[in-house]
Amino acid sequence: RIDWRLGLSYQFTDDFMGYVSASTGYKGGGVNPRPFYPAQILAFNPEELTTYEIGAKTDLMDNRLRLNGAVFFNDYKDIILNLSNCTAQTGNPATGVPCALPANVGTAEVWGAELEASLRLGGGISVDATASVLDFKYTDTGVATGVTTDMITPFTPEQKYSLGVMWEGDIGTGGTLLARADASYQSS
């Protein structure tokens, strides 16, 4: 398989760079590596992705403030998830459970946005923060997988935020002393 990436960036000013990109990627298919029964030795196709992104990177206030942001769209085909019940795939309830079958469960579109900021305040104190939002939507699912279009993939939170504060102090020839506190939030 050959994947590609096309990107264009432009330095509008010394402090502001914008970019656009498009690329493809995939996760390889194969045959169930963990069958509990011979009937679970089943093949699955590769997962494919096409993604588009537009964003900006800035360094402001004499490089004390950095702001980076992006919006993106991901188009997934043949998403691979592990099934916990293979009855529909094997055709037999006796060989359907337990199951850890990687299977192609459907196609999806994901819209998202990310923002990150870091600020050096002086006196050795700096603050950084991030925020991201995702809108995941299955556009088609396989009936035999048990996945429906109103579900989302695991580990795909709609919102994530983080905040960190760091102090860095010089302790002479002995080096540098650092203190850091972080907080984060992630929706279900």
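In the chain, once you exclude exposed chymotrypsin sites (Phe, Trp or Tyr not before Pro) (DSSP loop, at most 13 other Cβ within 10 angstrom), what's the longest stretch remaining?
Counting only loop sites that pass the neighbour cut-off, the longest clear stretch is 5-154.
Place a +1 charge on the Cβ of each Lys and Arg in region 54-188 and a -1 charge on the Cβ of each Asp and Glu, then give the dipole magnitude about the Cα centre in debye, rounded to the nearest 20.
140 debye
Give, to the nearest whole percent, the P(r) tail of region 11-153 beyond 19 angstrom, counting all Cα pairs.
65 percent
Heavy atoms only, probe 1.4 Å: what % of the accessible area of region 73-143 goes to carbon and sulfur, would you let me know?
58 percent
Under a Cβ-Cβ cut-off of 13 Å, what is the net charge of the residues other than Ile79 that fall near it, where Lys and Arg count +1 and Asp and Glu count -1?
Charge balance in the 13 Å sphere: -3.
Straight-line reach from Lys77: which lysines have Cα under 24 Å away, leaving out those fewer than 8 places along the same chain?
Straight-distance partners of Lys77: Lys27, Lys137.
How large is the helix-only mean residue ellipticity at 222 nm for the chain, computed as the sum of -39500 (n - 2.57) over DSSP H runs with n ≥ 4, divided by its residue count, in deg cm²/dmol to the nearest 500?
One gets -500 deg cm²/dmol as the mean residue ellipticity at 222 nm.
Could you work out how far the C-alpha centroid of region 11-70 sits from that of region 134-172, in angstrom?
Computed from Cα coordinates, the inter-centre distance equals 13 Å.
For region 1-45, evaluate the Debye formula with one uniform point scatterer on each Cα (no solvent term) and list log10 I(q)/I(0) at q = 0.22, 0.27, 0.29, 0.31 Å⁻¹, rounded to two decimals.
Log10 I(q)/I(0), no solvent term: -0.81, -0.93, -0.99, -1.04.
Work the Kirkwood hydrodynamic radius out for region 127-188: mean of 1/r over every pair of different alpha-carbon atoms, inverted, in Å. Intermediate values should be presented prior to the final figure.
Numbers: mean 1/r = 0.0653 Å⁻¹.
When all Cα pairs of region 127-188 are included, the Kirkwood radius is 15.3 Å.
Compute the signed sum of charges (Lys and Arg +1, Asp and Glu -1) over the other residues within less than 12 Å, Cβ to Cβ, of Val165.
Counting the neighbours of Val165, the net charge comes to -1.
With every atom except the alpha carbons ignored, what do you get for Rg and Dmax of region 74-140, in angstroms?
21.3, 68
The values are calculated or read from the model by the stated rules, or taken from the named source; none is laboratory data. These numbers come from a predicted model, not from an experiment. Every residue, glycine as well, gets a Cβ built from its backbone with ideal geometry; the counts of neighbours run over all protein chains shown. Protein only, heavy atoms only, side chains kept; ligands, DNA and RNA dropped before computing areas. Shrake-Rupley method; radii C 1.70, N 1.55, O 1.52, S 1.80 Å.
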